[in-house]
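> Encoded as structure tokens, here's the structure I'll be asking about.
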Amino acid sequence: MENQEQKILEAKQKIKNVLTADKNTSKRPAKEVIFPVLENDAKELSVATGLKITTEYKHVVDKSGINHAFNHHGSDKETLRGQMRLTDDDILKIPEIIIGYDGVRRPLNQKGDPAKTYNGNDLIQYEKTFHDGTTYYVEEVRTGRKELAFSSMWKRKRKG
């Protein structure tokens, strides 16, 4: 368990580096590998999504994913959609979501088909409930680079 906690802390520091770079013009990294996909994780993700995820893949967080999340889910207008405004603290929960998700699946588009990015890449959606609500985290499957990269994130208030 201690090893897992250390892994989460290290991943959060890497995400902080990207968040800092996202908010200023310093020479901080625009992308960080937060951890590799382990054998058990690869099997679980492959079974849950029907995609071929192997231990060659790594989870990455980059500026474009963070920008997308804040541009689309980082304002108070989220309440109009029944969602909560995304914060830096939510972004820092990514390692906890990946390691301890409550559910994982391929998201569907409006036609009921597996959703894809504008350039045709598959997506994986994680779901994790915290004390304040449920957070949804989406990764883009970049097969050429063997990356599962931050694509989007949003959260909904806890019901009841």
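The values are calculated or read from the model by the stated rules, or taken from the named source; none is laboratory data. This structure is a prediction, so every number in the text was calculated from the model and none was measured. Neighbour counts run over all protein chains shown; Cβ positions are idealised from the backbone, glycine included. The protein model used for the area step is the full one, side chains on, heavy atoms only, and it has no ligands, DNA or RNA in it. Shrake-Rupley method; radii C 1.70, N 1.55, O 1.52, S 1.80 Å.
> Considering only C-alpha atoms, what is the centroid distance from the range 132-160 to the range 80-95, in Å?
Value for the Cα centre distance between the two parts: 10 Å.
> Considering only DSSP beta bridges whose two residues both sit in the chain, what percent are antiparallel, to the nearest 5?
In the chain, DSSP labels about 90 percent of beta bridges as antiparallel.
> At 1.4 Å probe size, with the rest of the protein present, what percent of the exposed accessible area of the range 43-103 is carbon and sulfur atoms?
Result for the range 43-103: 49 percent of the exposed heavy-atom area is carbon or sulfur.
> Applying a 10 Å radius around every beta-carbon, put 133-140, 115-122, 97-104 in order of their mean neighbour count, most first.
133-140, 97-104, 115-122
> Å³ per residue of the Cα convex hull, for the range 42-160?
Convex hull of Cα atoms, per residue: 119 Å³.
> Additional query: With every protein chain left in place, what is the accessible area per residue of the chain in square angstrom, probe 1.4 Å?
Per-residue value: 57 Å².
> Using the Karplus curve 6.51 cos²θ - 1.76 cosθ + 1.60 with θ = phi - 60°, work out ³J(HN,Hα) for each residue of the range 57-67 in order, rounded to whole Hz, and write x for Gly and Pro.
Running phi through 6.51 cos²θ - 1.76 cosθ + 1.60 with θ = phi - 60° gives 6, 9, 7, 10, 10, 9, 4, 5, x, 4, 4 Hz.
> Which of the residue pairs K111/K157; K7/K128; K52/K157; K16/K63; K111/K159 have a Cα-Cα distance greater than 22 Å in the structure shown?
Checking Cα-Cα distances, K111/K157; K52/K157; K111/K159 exceed 22 Å.
> Hey, what did the range 19-160 get for relative contact order, percent, Cα under 8 Å, at least 6 apart?
23 percent
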